[in-house]
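Working notes, structure below.
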Amino acid sequence: MGPAQQSWIRFYGFYTPGVHSLKVVGGIGDDVVDRLKRLDRVVERPNSYGAGLELHITPDYLKCAWEQLVLEADVTVFLNCWVQDVQLESDCIVSVIVATKRGLARVAGRTFVDASGDADLCFWSGSPHVTAGEHEEAQSLTTTFRMCNVDATARKTVDLEYLHSAMTKATEAGYALPRREGSDHATTVDGMFATNMNPHPVLRATCQWSDQRYRP
Ligand SMILES: Cc1cc2nc3c(=O)[nH]c(=O)nc-3n(C[C@H](O)[C@H](O)[C@H](O)COP(=O)(O)OP(=O)(O)OC[C@H]3O[C@@H](n4cnc5c(N)ncnc54)[C@H](O)[C@@H]3O)c2cc1C
C-alpha cells in the first residue's frame, strides 16, 4: 500500500498553479475521478498555498475506484508481492524475482514499468538512478492524521496565521514540534479534517544490509 491509499486527501496536478488555474491533465486521471464521483463526493477547491485547484477526495473510496478499474481492465493483481531482484539479458529485464507469502517467484514479461515510487526496479537492474539524500536533503516523511467530529463553523474562525502562532507557542512551552507551520483541510466527509504537519528534519534509519543477494 502506498501513500496514495493511506493519506491522500486531494489530487494535485490536474490544474496549473496560480489564481487562474487551468486544467492540463486528463486521461486515466479523469477515469479515476469519474469513478470516484460515482462512489463518493469529489470537491474542487483552491490550494491554500497557491498551487492551483485541487480535487478533494476520500482515500478509502480511492482504493475501491482503483480496484474496480483494474479488475474491469482484466489486470491480474498480485498483492503483498515485493520485487527483490531482476534477471537481465543483454541489458534488458526479462523477469523479476518477487517475494510473496508463498515464497520467491519469478515473473517474466516483455515490458516492465517501475511504479515503485522508489525506483526499485531501476535499482535492482543497475539502471541510472539517484539515491535519496545523494544530491540534496531527502524530503522527510509527512506526519498526517484525520480528525473527526470537528465543529466546522468554529474551525472557520481560526486562520492559518493563528494556527502557526499556536504551534510556535506550543514549541516555546516545551512541545518538541520539529516544524511550526502546518495546515489542516476540510475533507469530503462532514466534520472530518485532515492535517498536514511535515516534520522538518529527515528521519534517518540505520540498517545493515546483508551482502547475500538471492541469486536464482
Ligand atoms: C503522507 C503523504 C501525503 C501525500 N498527500 C498527497 C495529496 O494529498 N495529494 C497528492 O496529489 N499527493 C500527495 N502526496 C504525494 C503522492 O502520494 C506521491 O506523489 C504519489 O503517491 C507517487 O505515486 P507513485 O505511483 O509514483 O508511487 P507510490 O504511490 O509510492 O506507489 C508505489 C507503490 O509501489 C509499491 N512498491 C514499492 N516498492 C516495491 C517493490 N520493490 N515491489 C513491489 N511493490 C513495490 C508500494 O507499496 C506502493 O504501493 C503525498 C505523499 C505522502 C508521503
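Odds and ends about this structure:
- Each helix, a run of at least 4 DSSP H residues, gives -39500 (n - 2.57); summed and divided by the residues of the chain, these come to -7000 deg cm²/dmol at 222 nm.
- Across the range 176-194, the residues whose backbone nitrogen lies under 16 Å from the label position 7 Å along the beta-carbon direction of residue 154 are 191-193.
- The range 131-164-the range 5-57 distance, computed between alpha-carbon centres (Å): 18 Å
- Using the Stokes-Einstein relation with a Kirkwood hydrodynamic radius computed over Cα pairs, the translational diffusion coefficient of the range 82-125 at 10 °C and a viscosity of 1.306 mPa s comes to 149 µm²/s.
- Cross-link partners of residue 63 among lysines, defined as those whose alpha carbon lies under 20 angstrom from its own and excluding same-chain residues fewer than eight positions apart: 37.
- Spacing of the two label points (7 Å from each Cα toward its C-beta) at residue 123 and residue 92, in nm: 2.6 nm
- Computed on protein heavy atoms with a 1.4 Å probe, the accessible areas place 67, 54, 181 in the order 67, 181, 54, largest first.
- The calculated pair-distance distribution of the chain uses every alpha carbon pair, bins of 5 angstrom beginning at 0, and gives 1, 5, 9, 13, 15, 15, 14, 11, 8, 5, 2, 1, 0 percent.
- Evaluated with a Cβ-only charge set (Lys, Arg +1; Asp, Glu -1), the chain carries a dipole of roughly 440 debye about its Cα centre, given to the nearest 20.
The values are calculated or read from the model by the stated rules, or taken from the named source; none is laboratory data. None of these values were measured; they are calculated from a predicted model. Reconstructed Cβ throughout: ideal geometry from the backbone, glycine too, with neighbour counts over all protein chains shown. Note: accessible area is taken over every heavy atom of the protein model, side chains too, but ligands, DNA and RNA are not part of it. Shrake-Rupley method; radii C 1.70, N 1.55, O 1.52, S 1.80 Å.
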